[in-house]
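A short worksheet on the structure shown next.
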Amino acid sequence: MGAVALVAGWLARTRPRGTRIAAVFPDGPQRYFDTVFNDEFCAAHGLLDGPVREDPAGYEAGAPVEGWTRKAMDRAEPAR
């Protein structure tokens, strides 16, 4: 759910004004009240440490992934 909100927010900030962004959330926040929506839980698990990325980092094939990344689509590349 958090990933859906993160990407939807990024898309909304980076697309032309007037673009509509639709996001489908797989479930409600009820399951997360005691975890990612709880500051004490996040602090205990190091989720509040360091800066929060507002944009994904670029991804190069074969490079290690360390956080939120995106890979530019190559239209010649087959879908997986």
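Remarks
- ASP49 being assigned to a loop (DSSP other than H, G, I, E, B), acidic (Asp, Glu) and modelled with pLDDT of 80 or more: no
- Taking residues in region 47-68 that are surrounded by 11 or more Cβ atoms within 10 Å (Cβ to Cβ), and partners anywhere that are among the small types (Gly, Ala, Ser), the pairs with Cβ atoms closer than 7 Å and at least 6 places apart or on different chains are ARG53/GLY67; ALA57/GLY67; TRP68/ALA57.
- For region 9-46, taking the residues that are modelled with pLDDT of 80 or more and either touching a His at 6+ places or on another chain (Cβ under 8 Å) or within 17 Å of TRP68 (Cα to Cα) (or both), the one that is surrounded by the fewest Cβ atoms within 10 Å (Cβ to Cβ) is identified as GLY46.
The values are calculated or read from the model by the stated rules, or taken from the named source; none is laboratory data. Values in this document were obtained by computation on a predicted structure and should not be read as measured data. Virtual Cβ from ideal backbone geometry, glycine too; neighbours counted across all protein chains shown.
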